[in-house]
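One structure is given here, and the rest of the page talks about it.
The values are calculated or read from the model by the stated rules, or taken from the named source; none is laboratory data. Here the structure is a predicted model, which is why all the values come from computation and not from measurement. Reconstructed Cβ throughout: ideal geometry from the backbone, glycine too, with neighbour counts over all protein chains shown.
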Amino acid sequence: MGPLLDATSTYRDIVTTVFSSPIAFKAWFASAAVVLAIVQVLTASRMWGRLQRVVPLSFPVAKRVHRLSGRLAILCTLPVFFHCVFLLGFQTPDARVAIHSVAGTLVYGVFVAKMLVIRENHRAASREDRYPEWALPVAGGVLAATLLVLWVTSSLWYFTNVRFGF
């Protein structure tokens with residue numbers, strides 16, 4: 001437990017230089033990830049031929065924004081993941097925390113599933129070898145919905161019940 005305890009105290013020291021608590025840090029980084037997930041949904045919709053008037057970007061620009069916002073969203077979730085897994089762990093004291101814990105265990109699995117659909121579709125020798133066209137939007141939508149559930153059961157709750165601020 002020694003090295004983990006050292007990492008935990010170092011993490012807490014770093015986080016509290018800017019934020020009032022590690023929980024506030026978690027809430028704000030999760031909020032950033034959700035905002036980026038919204039960008040993901042909008043740019044994906046644009047790439048799939050929807051929302052041209054709402055998202056007036058060319059396909060190549062929408063694709064770049066989609067990839068960048070996705071990378072940044074996952075990057076924002078990593079310290080939140082560390083906090084949840086190593087400091088808090090899986091808990092079920094009430095329905096909100098239980099839902100949050102279950103969604104948290106699913107989020108990276110859903111992310112990996114989405115990445116596998118993308119990778120295997122690019123590697124497929126023919127259209128018949130690809131996943132159905134609906135697989136990628138469904139995987140992306142499930143990922144965005146999972147992040148939203150995590151945000152509602154943690155950050156939104158924190159901002160409305162504990163404190164709105166850094």
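Laid out as a table, the results:
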quantity	calculated
Residue that is modelled with the highest pLDDT [pool: residues in the stretch 123-158 that are closer than 22 Å to V112 by Cα and of a type in the set (S, T, Y)]	T146
Pairs where the first residue, in the stretch 11-27, is assigned to a loop (DSSP other than H, G, I, E, B) and the second is surrounded by fewer than 17 Cβ atoms within 10 Å (Cβ to Cβ), C-beta under 8 Å, 6+ apart	V18/F166; F19/F166; S20/R163; S20/G165; S20/F166
For L78: the one exception among (1) hydrophobic (A, V, I, L, M, F, W, C); (2) touching a residue at least 12 places away in the same chain (Cβ under 8 Å); (3) in a helix (DSSP H, G or I); (4) closer than 26 Å to G140 by Cα	(2)
Some residue of the stretch 134-156 being surrounded by fewer than 13 Cβ atoms within 10 Å (Cβ to Cβ) and farther than 20 Å from Q40 by Cα	no
Within the stretch 88-116, tally of residues that are in contact with a helix residue (DSSP H, G or I) (Cβ under 8 Å, 6 or more places away or on another chain) and more than 27 Å from S69 (Cα to Cα)	5
Members of the stretch 37-73 that are free of Cβ contacts under 8 Å to residues at least 24 places away in the same chain, surrounded by 15 or more Cβ atoms within 10 Å (Cβ to Cβ) and under 18 Å from R119 (Cα atoms)	M47, K63
Test: residue in the stretch 140-147 that is among the polar types (S, T, N, Q) and either more than 30 Å from V97 (Cβ to Cβ) or under 12 Å from the mean Cα position of the chain (by Cα) (or both)	yes
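Listed here are the residues, each with its yes/no results for (1) surrounded by 16 or more Cβ atoms within 10 Å (Cβ to Cβ); (2) of a type in the set (A, V, I, L, M, F, W, C).
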{"site": "D94", "(1), (2)": "no, no"}
{"site": "G104", "(1), (2)": "yes, no"}
{"site": "D129", "(1), (2)": "no, no"}
{"site": "V162", "(1), (2)": "no, yes"}
